[in-house]
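The values are calculated or read from the model by the stated rules, or taken from the named source; none is laboratory data. For clarity, every value in this text was computed on a predicted model and none was experimentally measured. Cβ atoms come from the backbone with ideal geometry, glycine included; neighbour counts cover every protein chain shown. These accessible areas exclude ligands, DNA and RNA; they are computed on the full protein's heavy atoms, side chains included. Shrake-Rupley method; radii C 1.70, N 1.55, O 1.52, S 1.80 Å.
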Amino acid sequence: MSEAPSPRIVIVGAGPAGIRAAAALVDAGLHPVVIDEGQRAGGQIYRRPPDGFVRTPEQLYGSEAAKARALHALFDRLAADGRLTHCAGRSVIAVQQDRLHVLGEGGMQLVSCDRLILATGASDRVAPVPGWQSAGVYSLGAAQIALKAQGVALGQRIVLIGSGPLLTLVGAQLVKAGADVVAVLDTSSWRHQVRGFWDLAVRPLVALRGVALRARLGGRYHAGVSLESIEADGQGVTAMRWRDARGRQHLTPCDTIGMGWHLRAETHLADLAGCAFTYDERWRQWLPKTDRMGRAGSGVYLAGDGVRLLGADGAEVAGRLAAAACLADLGFPAPSTAGDLRKLSRLERFARGLACAFPWPAAMVRALPDDAVVCRCENVTAAALRESTDFGGGEANRVKSLSRVGMGRCQGRYCQLAAVELIAAQTGCTPGAVGRFRGQAPVRPAPIGAFLRDG
């Protein structure tokens, strides 16, 4: 009697969560397929530069260099030994039942799977500021990627705005690399930051590193600021207009602005895979529903920041848990998860502290002037959004269809959270009651030819 074929397990994402999930499956004797947009494993947090890059991991990842080295070496060894299949430089742009539409240099491929682990990570959570559509405005993640992958700073005089650990981390990394960072403007007040202290204290070394980063920025760092507008001319950004915690107005000349308020989970593929969602009041965004192990139903498992915003360490834990759940559901012996579940609880408490200390600036978004652009892709203003809400009611997809907010290349990744806040304010309800934009395929821009059999 022949043996039953091994289940085909596909992992989307080769960051910390995807790497740990793949390693756990390999340890169980399975051969997973790992699909990732990057050319080399590591994800955004441990993104690797091209060969020949002169900066060391210590320079790139700081205190996390040892973790980055270990993850890189683990994945590279498994791939080199042929114990997993690494599909690099490819994007999963659609999920249809048990098939993935994968776009790469050779065009479109259909990849079937028996089980799917989504480790899609997160991207910058940005809030619109009048003038943010100007040339020279980037997300904090884009500024960090340029520094890690190419060793360049995006601009000559840089102002960073937003809130959260990434704000001060990118600022300190740019300063260390020799860039001219003239101001780091945090919309979170010292009072808010202190309120999150007790939950942050469960990881004292990490919390202290955050304090050290702010200290390294010195007088560049300002807490509790109010952002008024990004000034620009025909060539791009010229200055940042803001008020400090005492209400004094400042105009800081610059040619580049990096912005971001912590992270937003990358959930488009989870949506297309049929996962259920719930609105998280703490993070003020829609997140997929899973059990503690990452099960999301119908043979789909979620891990990492795409389901819980717990950072790189949390992603590693979640990757192992998702793989263990997958193995158990397939009838394979699964590793013990008690230790990882305890770690998960501690990391979740730390995350609650971050959300409290560095909140999403809902009041700032709701007070946007009518002429401020909310959706940069489709050039939808706050006035157009409010008018569409009055005409069509306070349901996210109804307003989307009337105003075209969220219909551009980013598919709402950068405007959805702000749009929902504005709709909620206009209708007098909560963002959770407004709903979320439905995911649409393809989740990334793709050439029409990729969908044609003979194209």
At 1.4 Å probe size, with every protein chain present, just tell me what the per residue accessible area of the chain comes to in Å².
-> 44
A student asked for the Cα radius of gyration and Dmax of the stretch 402-446 in angstrom ought to give 11.4, 38
Partnerless cysteines (no other Cys beta carbon under 4.7 Å) identified across the chain are Cys87, Cys113, Cys254, Cys275, Cys326, Cys356, Cys377, Cys410, Cys429
Given labels modelled 7 Å from the Cα in the Cβ direction, how far is it in nm from Arg216 to Phe451?
-> 4.6
Can you give me the relative contact order of the chain as a percent, contacts being Cα pairs under 8 Å and 6 or more apart?
-> 18
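Semi-axes, largest first, in whole Å: what does sqrt of 5 times each Cα gyration tensor eigenvalue give for the stretch 1-132?
Ellipsoid half-lengths, sorted descending, are 28, 21, 13 Å.
Roughly what percent of Cα-Cα pairs across the stretch 63-167 reach past 15 Å? Mind dumping the intermediate values first?
Values: 4258 of 5460 pairs.
Considering the stretch 63-167, 78 percent of its Cα-Cα pairs are separated by more than 15 Å.
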The stretch 348-455: relative contact order in percent, alpha carbon pairs under 8 Å with at least 6 residues between | 23
For the chain, the percent of accessible surface on carbon and sulfur atoms (probe 1.4 angstrom, ligands and nucleic acids excluded) is 51
With label points built 7 Å along Cα→Cβ from the Cα atoms of Val206 and Arg243, find their separation and express it in nm.
-> 3.5
If one compares the long axis through the Cα atoms of helix 16-27 with the longest principal axis of the Cα atoms of the chain, the angle in degrees, nearest 10, works out at 10
Spatial extent of the stretch 273-361: Rg and Dmax, with the Cα atoms as the point set, Å = 13.5, 46
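Taking R0 as 22 Å, what's the FRET efficiency between Arg292 and Phe332 from their Cβ-Cβ distance, rounded to 0.05?
The pair Arg292/Phe332 has a calculated efficiency of 0.70.
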Eligible lysines near Lys176 by straight Cα distance, threshold 21 Å, same-chain separation 8 or greater = Lys67, Lys148
Size descriptor, Kirkwood hydrodynamic radius, that averages inverse alpha-carbon separations across the stretch 226-380, Å | 18.7
Could you sort Met407, Met259 by accessible area so the largest value comes first, with the probe set to 1.4 Å?
-> Met407, Met259
Relative contact order of the stretch 401-446 (C-alpha contacts under 8 Å, at least 6 apart) in percent is 34
Can you give the Kirkwood hydrodynamic radius for the stretch 247-292, in Å, rounded to one decimal and based on Cα pairs?
-> 14.0
Rounded to the nearest 10 degrees, what's the angle between the helix 382-392 long axis and the longest principal axis of the chain, both from Cα atoms, 0 to 90?
-> 70
With Cα atoms, 0 to 90° folded angle of helix 65-80 axis to the chain main axis = 40
Would you kindly calculate the translational diffusion coefficient of the stretch 1-67, applying Stokes-Einstein with the Kirkwood radius from alpha carbon pairs, for 4 °C and a viscosity of 1.567 mPa s, and quote it in µm² s⁻¹ without decimals?
-> 94
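Can you tell me the FRET efficiency between Cys429 and Gln150 if r is taken as the Cβ-Cβ distance and R0 is 51 Å, rounded to the nearest 0.05?
Efficiency for this residue pair is about 0.70.
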